[in-house]
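Working notes, structure below.
The values are calculated or read from the model by the stated rules, or taken from the named source; none is laboratory data. All of these numbers come straight from a predicted model, not from anything done at the bench. Positions of Cβ are backbone-derived with ideal geometry, glycine not excepted, and every protein chain shown enters the neighbour counts.
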Amino acid sequence: MNTLSLNHMTRLPPILLALLSAGLPWSAWPHGGEDHGDTPAVTAPAEQAPRAVAQTESFELVAVLDTHAKPPMLTLYLDKVDTNEPVSQASVDVEGGTVKAQATAREPGVYTVSADAWSKPGRYPLTISVQSAEGADLLDTTLVHQADDDAHDHPDAMASPRHWPWLALSILAAVAIVGLGWFIRQHARRRPLHKTGT
């Protein structure tokens, strides 16, 4: 009975090697000589907080929503475009929908405002007015707050460790199918042709 020898395995086509090496992190593959009893569990990356960005000729702004704060807070990071220096002692007003509030300065270039109106998932157009020694300007942006259960919209959802077993099975199935077809073709090429006598 013919079996797939080690020599055959070293000549596997590149597609098999790619399937074997892609798709799973290196730590997910079994390897000997190591004790994994105390290995900490792998956790998925923390979800990024909802945020919005805006820029004019004078100012650049990043707004970050903290829904875990009590009450929810919107933190505004305000810098000068040309030098990236924080804009200090500015008057900053935030308007979104029916809400208009003046932000409180926390430190140079950092301002906060209560964000109860934007704590639920949704898209919130915001207008931020800035008055400072460097000038006055209006910055328009949109705060995007996605629901926590929208994991199917995240491009890295399949990177979560809970999906690795299914991913491994899919890869192994593809390897088996491609490998079987390759082995059958190799075996057919090496089979000698029997000439019929006359």
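Where strands (runs of 3 or more DSSP E) sit wholly within the range 45-148, those with at least 1 residues that are of a type outside the set (Lys, Arg) and without any contact (Cβ under 8 Å) to a residue 24 or more places away in the chain occupy 59-66, 99-102, 104-107, 122-132, 135-145. Looking at 17, 24, 78, 12, just one residue is within 23 Å of the chain's Cα centre (by Cα) and either assigned by TED's automatic domain parsing to the domain that holds residue 128 or at pLDDT below 90 (or both), and that residue is 24. From the list 98, 127, 104, 112, the one residue that fits, being β-branched (Val, Ile, Thr) and out of contact with any strand residue (DSSP E or B) (no Cβ under 7 Å at 6 or more places or on another chain), is 98. Would you say residue 109 is buried (at least 16 other Cβ atoms within 10 Å of the Cβ), in the same structural domain as residue 131 (by TED's automatic domain parsing) and not hydrophobic (A, V, I, L, M, F, W, C)? So residue 109 passes the test.
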